[in-house]
1. With viscosity set to 0.692 mPa s and temperature to 37 °C, compute the Stokes-Einstein D of segment 131-217, Rh being the Kirkwood radius across alpha carbon pairs; µm²/s, no decimals.
2. Taking the Cβ of residue 197 as the center, what net charge do the other residues with Cβ under 14 Å away carry, scoring Lys and Arg +1 and Asp and Glu -1?
3. When the scattering of the chain is computed by the Debye formula from its Cα atoms alone, each counted once and equally, what is log10 I(q)/I(0) at q = 0.08, 0.10, 0.11, 0.13 Å⁻¹?
4. What is the chain's relative contact order, in percent, from Cα pairs under 8 angstrom and six or more apart in sequence?
5. Which of 179, 379, 318 sits farthest toward the positive end of the charge dipole of the chain, with +1 on the Cβ of Lys and Arg and -1 on the Cβ of Asp and Glu?
6. How large is log10 of I(q)/I(0) for segment 296-399 at q = 0.16, 0.21, 0.22, 0.23 Å⁻¹ when the intensity is taken from the Debye formula with one equal scatterer per alpha-carbon?
7. Can you compute the helix-only [θ] at 222 nm over the chain? Use -39500 (n - 2.57) per DSSP H run of at least 4 residues, normalise by all residues, nearest 500 deg cm²/dmol.
8. Show me 19-30, 305-316, 212-223 ranked by packing, highest mean number of other Cβ atoms within 10 Å first.
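Each reported figure results from applying straightforward, stated rules to the coordinates on display, with no laboratory input. The shown structure was predicted, so the numbers you read here are calculated from the model rather than taken from an experiment. When we count neighbours, we look across all protein chains shown, and the Cβ atoms used for this are built from the backbone with ideal geometry, even at glycine.
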Amino acid sequence: MKILVLNSGSSSIKFQLFNMEKEEVLAKGQVERIGIEGSAIEYENMEGQEVEKDIDISNHRDGIEHIIEMLLDTEVGILENIDEINAVGHRVVHGGEKFAESTLITDEVINSIEEVSSLAPLHNPHNLSGIKVCQELLPGKPQVAVFDTAFHQTMPEEAYTYAIPYEYYEKYGVRRYGFHGTSHKFVSNRVAEIMDKDKNDLKIITCHLGNGASIAAIDGGESVDTSMGMTPLEGLVMGTRSGDIDPAIIPFLMDKEDLDTKEIDNILNKESGLLGVSGVSNDSRDVRQAAQDGNHRAELADKVFNYRVRKYIGAYIAALNGVDAVVFTGGIGENAAGVREHILDGLDNLGFELDPKANKVRGEEREITTDDSAVKAFVIPTNEELVIARDTENIVENK
Ligand code: ADP
């Protein structure tokens with residue numbers, strides 16, 4: 001079965017075409033700067049042939065048409081006929097309380113995704129436009145929605161309830177939902193396989209540390225808590241997001257700086273985190289480099305980032321009443337040995353013993369604790385697209 005996986009954002013669409021027999025990627029790439037000057041498509045096929053073209057892409061329909069064109073291209077394409085695509089899997093950011101698993105897309109499902117869009121106004125409408133364009137361009141092909149929030153729907157009430165008047169939950173759905181669910185699910189399942197244990201018998205903490213970052217507590221294969229909240233702003237320090245702050249800071253700053261809700265939202269989402277503290281960059285590599293060059297604020301940003309992760313690991317060990325394994329994934333989690341070292345070095349009292357040699361790994365699956373370490377830690381590269389493709393295949397085969 002050939003499955004096209006699409007991640008439709010506000011100004012970009014990322015795609016991968018899978019052949020599910022061998023779970024191999026036949027082609028992948030992205031269209032960028034949709035509706036903005038300088039739009040382009042990047043494409044790469046399994047033979048390593050790459051194409052980068054500047055083309056006018058004014059909307060999602062244009063973008064997906066160009067993706068299909070590349071897949072059918074006589075030189076670099078890998079399809080002879082569009083009908084070779086058996087199904088499309090879409091990443092959808094917010095499924096609210098409606099979706100606890102991936103779902104075959106019907107008119108009713110589209111309506112439900114629209115209904116929860118107020119919880120993710122920057123994401124869901126773009127995900128939806130990808131879905132609608134595919135319905136037009138690939139008529140009759142089954143389409144599946146895979147939600148970032150779905151894996152966390154197993155959280156108990158006490159983990160997802162905010163201690164504010166309960167009516168806001170009832171009226172507007174204000175509660176913790178959590179995100180990065182496909183990633184947390186993928187790496188937690190994978191670590192059970194690597195450990196050769198049944199996931200039902202394991203307590204796992206997964207740290208997805210990328211530009212966006214979140215951490216999850218997983219008990220017996222189910223998410224029981226996670227650091228992102230109603231939106232992806234809560235929890236860990238991120239590239240440009242603050243993560244946890246005292247909520248009273250918001251009205252305080254609005255008052256002092258004469259800000260409206262959009263402006264304060266922008267500050268917390270786009271101007272905070274590593275960028276806000278360091279003043280250097282949202283990219284952790286630049287921040288670390290500046291820290292090494294003696295920039296105090298960059299060093300501080302790095303420390304605040306690591307300390308927050310360590311604190312959450314401690315909290316989740318309490319939430320789970322123990323832990324068998326911690327997993328690092330995402331651009332930082334997979335690549336930044338120094339970050340993993342700083343996080344785990346402060347946790348030796350809780351049973352972690354890092355193997356500094358093993359920890360030198362980059363972007364590869366590997367155990368990074370010693371044989372004697374009471375709690376194991378692993379690096380596991382995430383693969384959200386593969387999860388979307390697998391879920392899509394499963395649903396299409398069983399429909
Ligand atoms: P996103 O959340 O946008 O998917 P990624 O998971 O790609 O982001 O993570 C981006 C982060 O990963 C950046 O802060 C970047 O500095 C970091 N990163 C990527 N590659 C490396 C590397 N080789 N060494 C250290 N950090 C890296």
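1. Details: Rh = 15.7 Å.
In µm²/s, the coefficient rounds to 208.
2. Details: positive: 190, 199, 203, 376; negative: 193, 196, 198, 201, 219, 324, 367.
Cβ neighbours under 14 Å give a net charge of -3.
3. -0.44, -0.71, -0.86, -1.21
4. Values: 835 pairs, mean separation 53.2, N = 399.
Relative CO of the chain lands at 13 percent.
5. 318
6. -0.75, -1.08, -1.14, -1.21
7. Numbers: 14 runs with 149 residues, N = 399.
Calculated at 222 nm, the ellipticity per residue is -11000 deg cm²/dmol.
8. Working: 19-30: 15.7, 305-316: 20.8, 212-223: 23.8.
Result, highest mean first: 212-223, 305-316, 19-30.
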